[in-house]
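Visitor: The structure that follows is given in the form of C-alpha cells.
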Amino acid sequence: MSAEQRLRDLGITLPPPWKDEANRVRALRSGNLVYMSGHGPLAHDSTPLVVGKLGRELDTEQGAAAARLAGLACLGTLRGHLGGNLGRVTRVVRVLGFVNCAPGYNTPSNVLHGFSDLMVEIFGEAGRHTRSAIGVAELYSDIPVEVEALFEIAAD
C-alpha cells in the first residue's frame, strides 16, 4: 500500500509545505536523499500549536503528541518537495529530535516516539529509522520538540 493511500485510510490530512526562507531551505535533495530542516508543532504562520517544557508544563504523552504534529509538518513539506506525492519515499533513514526539557526530565527519547510511530504508520517497515533524541534548555517560541529527518527516495 502506498504512503498516500495509508494517509487516506488513516484520515490524515497533511499541512501545506513550509516555504523556504532567505538563505535556508526546508528540504534539500542530494542524490536519492532528502534532508529535512527542523520542523516543530507550528501552524503555517509559525504560531506554536503546543508550548511548554517536558517535565514542567507537559508530560511525555503530550510531548509525543507534539512530536507527531512535527512529523505531520515534516511530511507536508516533504510531499511538497516531491511534487505532491510521498510515494517516492523508499525509507526513513535518520531522525534527530530536540526536546525542550525542564531540569530533571531525562527521557526525551520517549517523546520522539510520537514522530517515529507516525513514520511507521505511514511507511510501514520502511518507516523504521535510526534516531537520536537530545534534551535541550530552550526551543523556538517555547515549542516542546523540533525534529530533523533524512529520507531516501526512489531515483527519477
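Readers should treat all values here as calculations from the given coordinates under stated rules, not as data from a laboratory. Remember, predicted model here, so these are calculated numbers, not experimental data. So basically every Cβ, Gly included, is an ideal-geometry build from the backbone, and we count neighbours across all protein chains shown.
Visitor: So if each residue of separation counts as 0.36 nm, and I subtract the Cα-Cα distance between Arg29 and Glu152, what length gain in nm does that give?
Guide: This chain segment gains 43.3 nm when fully extended.
Visitor: Given the options Leu82, Leu96, Ala133, identify the residue whose Cα lies farthest towards the positive end of the charge dipole of region 48-156 (+1 on Cβ of Lys, Arg; -1 on Cβ of Asp, Glu).
Guide: The residue sitting farthest along the positive end of the dipole is Leu82.
Visitor: Calculate the spin-label point distance for Val120 paired with Gln5, positioning each point 7 Å from the Cα along the beta-carbon direction, and give it in nanometres.
Guide: 2.2 nm
Visitor: Which far-off residues, 5 or more places away or on another chain, put their amide H under 5 Å from the one on Leu42, with H placed in the peptide plane?
Guide: Those lying under 5 Å, H to H, from Leu42 are Leu49.
Visitor: Hey, another quick one. Sticking with the crude label model, points 7 Å out along Cα→Cβ, report the distance from Glu61 to Thr47 in nm, one decimal please.
Guide: 2.7 nm
Visitor: Also, quick follow-up: Evaluate the charge dipole of the chain about its Cα centre and quote only its size in Debye, nearest 20, assuming +1 on the Cβ of each Lys and Arg and -1 on the Cβ of each Asp and Glu.
Guide: So the dipole magnitude of the chain works out to roughly 340 debye.
Visitor: Additional query: Give the residue list of trypsin sites (Lys or Arg not before Pro) in region 24-91 that are DSSP loop and have at most 14 other beta-carbon atoms within 10 angstrom.
Guide: Arg56
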